[in-house]
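So the structure is just underneath, and the comments pick up after that.
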Amino acid sequence: MAVYQILVCYFTAHEHLYMDYKNDISFLIDSTLNLYEHQPTWNPNMPLRGLGYFARLYEDYVRLNELNIYSEARLKLPKPQYFVFYNGTKAEPDRQILKLSDSFNRFMIMPFLWIRSEDILIRGT
């Protein structure tokens with residue numbers, strides 16, 4: 001029987017609430033750090049926002065697990081997974097991948113930092 005570590009954290013950007021609801025959720029299942037966000041307006045900068053969210057989540061993960069980032073041993077971290085659910089009125093594909101590297105000033109074949117969000121349309125047709 002598999003045993004999974006589950007850590008659920010609720011947060012919103014800057015600890016703000018949207019219409020009295022928290023619209024972001026992150027949770028750790030086994031070795032995947034999941035971040036789900038709801039957006040009522042289209043925003044092509046979600047990978048950049050996700051970078052900030054994940055930076056804070058990994059800081060918390062390191063602190064809660066009492067990991068030493070200055071150790072000579074490589075730390076094992078959960079892999080990140082980022083989904084944005086969009087239900088606004090702007091016409092967008094049902095699913096699309098947004099990449100942070102698309103915002104870089106210069107084209108890079110293999111960027112040193114690679115962040116992406118998978119945006120999923122949840123509005124009914």
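Each value in this text was obtained by applying a stated rule to the coordinates, not by laboratory testing. Keep in mind it's a predicted model, so treat the numbers as computed, not measured.
At-a-glance table
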| read-out | value |
| --- | --- |
| Phi to ³J(HN,Hα) by Karplus 6.51 cos²θ - 1.76 cosθ + 1.60 over the stretch 60-72, Hz, x for Gly, Pro | 5, 4, 4, 5, 5, 9, 6, 8, 9, 6, 9, 5, 7 |
| Pairwise Cα inverse-distance average, inverted: Kirkwood Rh of the stretch 32-91 (Å) | 13.4 Å |
| Under-5 Å amide H pairs with Leu33, H placed in peptide plane, nonlocal only | Lys79, Gln81 |
